Each structure stands twice: as C-alpha cells, then as structure tokens.
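Let me begin by presenting the structure, written as structure tokens, before commenting on it.
The values are calculated or read from the model by the stated rules, or taken from the named source; none is laboratory data. Just so we're clear, the structure is a prediction, and the values are computed from it rather than from any experiment. Quick reminder, even Gly has a Cβ in these numbers, built from the backbone with ideal geometry, and neighbours come from all protein chains shown. Remember, those area values only see protein heavy atoms, side chains included, never the ligands or the DNA or RNA. Shrake-Rupley method; radii C 1.70, N 1.55, O 1.52, S 1.80 Å.
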Amino acid sequence: MRLILLLALSVLFVSCSGTHSTIKNGYAYQLSEDQASVLVNDIIRSNIVNDRLLPGSKLVASGYDRSMADTHTYTATAIAVPRQQAYGFEITHDGTMFKGPTKSKRMFNTLIQRASLVGTKVSIQ
C-alpha cells in the first residue's frame, strides 16, 4: 500500500522544466544593455504578481506562480553577444504546474515581439 501511495505522489509532483532561447535558435537583437534589461524585467513583471518576484540582477528577472501545492518558477535572461553588439533572450521554467510550459512559451513569444520592436534581429551563427 505504501508503495502505491509513494508512486502516486511522485507522479503527481513530477517536475517539468524547459528553456526557450533565441541563442539556441541562432539569433539575437541589436539593442543596448538598458533596453535588454527593461525587456526581461517587464516580461516577468507583466506575468507575475509583485509579491512573487524573486531577487535578480540587471539582465535577469525571476518570479513564481503558486496554486495550492504546485509552484512554477520563471526566469528571463538577456545574454550578451558582444561581437554583434546584441542580446539574446531566454525564458526558463521549472515546477509542477500543468500550465507552466504553456505560460513560459507565451512569455517567450511576447518577449521576442517586444525585442523586435526595439532592436534589429541578427544571426549569431
């Protein structure tokens, strides 16, 4: 009986995580460090309530969602590509919420749309 309960709990709390990245996709955006910073901070602030924001830095913003026992953490990062004077972007997610992967993909798409309004897309390959 304990084995069945343990198995059921482990299936219930299976963590899902992933990364969406312009760097892995071979492109970045030519823009300033300040513009990249605003983009990563805005994408997290527009999708996570203020009391669930986590400490970050200029080019990294993070926060989490919680629903009962489920928690999902999202991190947006701007990655410098000095030879192109550009920044690539990543959204990573990790947690147990069913909607986590879908939300992170939506956040990534919004981040890319905003970046394309501010900077020029360049290949980094």
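Only a single item in (1) crowded, with 17+ Cβ neighbours inside 10 Å; (2) of a type in the set (S, T, N, Q); (3) in a loop (DSSP other than H, G, I, E, B) is not met by residue 125, and it is number (1).
The set of residues from segment 82-104 being open to solvent by less than 50 Å² (accessible area, probe 1.4 Å) and at positive phi comprises just one member, 95. Return yes or no: is residue 87 in contact with a Leu (Cβ under 8 Å, 6 or more places away or on another chain) and in contact (Cβ under 8 Å) with a residue 24 or more places away in the chain? Yes; evaluated as a whole, the condition is true for this residue. Can residue 79 be described as outside any loop (DSSP other than H, G, I, E, B) and either touching a residue at least 40 places away in the same chain (Cβ under 8 Å) or buried (at least 18 other Cβ atoms within 10 Å of the Cβ) (or both)? In short, yes. Looking only at segment 38-56, decide whether some residue is without any contact (Cβ under 8 Å) to a residue 12 or more places away in the chain, part of a strand (DSSP E or B) and open to solvent by less than 70 Å² (accessible area, probe 1.4 Å). Yes: segment 38-56 contains one or more residues that are without any contact (Cβ under 8 Å) to a residue 12 or more places away in the chain, part of a strand (DSSP E or B) and open to solvent by less than 70 Å² (accessible area, probe 1.4 Å).
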